[in-house]
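Quick note: the coordinates plus some simple rules give every number you see, no bench work behind them. Predicted, not measured: the structure shown is a model, and the values here were computed from it. Neighbour counts are summed over all protein chains in view; Cβ atoms, including those assigned to glycine, are modelled from backbone coordinates with ideal geometry.
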Amino acid sequence: KAGVTQTPRYLIKTRGQQVTLSCSPISGHRSVSWYQQTPGQGLQFLFEYFSETQRNKGNFPGRFSGRQFSNSRSEMNVSTLELGDSALYLCASSSWLGETQYFGPGTRLLVL
Amino acid sequence: EDQVTQSPEALRLQEGESSSLNCSYTVSGLRGLFWYRQDPGKGPEFLFTLYSAGEEKEKERLKATLTKKESFLHITAPKPEDSATYLCAVQDNYGQNFVFGPGTRLSVLP
């Protein structure tokens, strides 16, 4: 079974731009969660989607948004990028809400 | 608010030198405790899920145990390929988001 895939793997953007990251969950998984990982803050929860609905949201500003499609694929968007948004963005999928999460390889975002 | 701490922050072992990593947690009601391994620049790799105090799980040189306040990840006779950051996460009974600890960075020297 193929694992979680994320595209692109690397991105370089400048302040003020926006970015869209994509995540394809493990086949059959319906829940997708997004995390931001930085050396200083560790892994921080962004949001979770299940059946195209946002079920839970972490403590991030409204510049961070996401959505999930009917095939469970998910995208997250960050608008008006700031230097502090540089991080590894991880997507994790699970078969159902609250079940074990399996992570993708991440998208490394660098904001200049 | 759910909280997870891990100790030590970093650990250096000689190959074959067994040790334990600690994960202490505060949660209103534990639904599950999860251990992951993360190599540099990669996503976390799932290792174990523990649900109740007294539960133990093993995989190769790793053994995870759970009490009401903490979990231990025991590493027996580690090899250099066990070098990674080990992350612990908890989920409460409301089934909401996972809360991750800061991780323990393990280095196993040949």
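Spacing of the modelled spin labels on residue B:68 and residue B:10, each 7 Å from Cα toward Cβ, amounts to 3.7 nm.
Longer than 30 Å from Cα to Cα, which of A:1/B:42; A:57/B:63; B:42/B:79 are they? Say none if no pair is. The answer is A:57/B:63.
How would A:102, A:35, B:51 line up from fewest to most surrounding beta-carbon atoms within 10 angstrom?
Numbers: A:102 21, A:35 26, B:51 10.
In increasing order of surrounding Cβ atoms, one gets B:51, A:102, A:35.
Rg and Dmax of chain A, based on Cα coordinates, read 13.1, 39 Å. Shape summary: chain B maps onto an equivalent ellipsoid whose semi-axes, from the alpha-carbon gyration tensor, are 24, 14, 11 Å in decreasing order.
A simple spin-label model places pseudo-atoms 7 Å from Cα toward Cβ; at residue B:45 and residue A:13 they are separated by 3.0 nm.
Normalised by the number of residues in chain B, the mean separation of alpha-carbon contacts (under 8 Å, six or more apart) gives a relative contact order of 38 percent.
Ranked by how many other Cβ atoms sit within 10 Å of their own Cβ, fewest first, the residues A:26, B:75, A:12 fall in the order A:12, A:26, B:75.
About its Cα centre, what dipole magnitude does region B:1-59 give when the only charges are +1 on Lys and Arg Cβ and -1 on Asp and Glu Cβ, stated in debye to the nearest 20?
That gives region B:1-59 a dipole magnitude of about 120 debye.
Panel order for B:4, B:27, by other beta carbons found within 10 Å of each beta carbon, from fewest to most: B:27, B:4.
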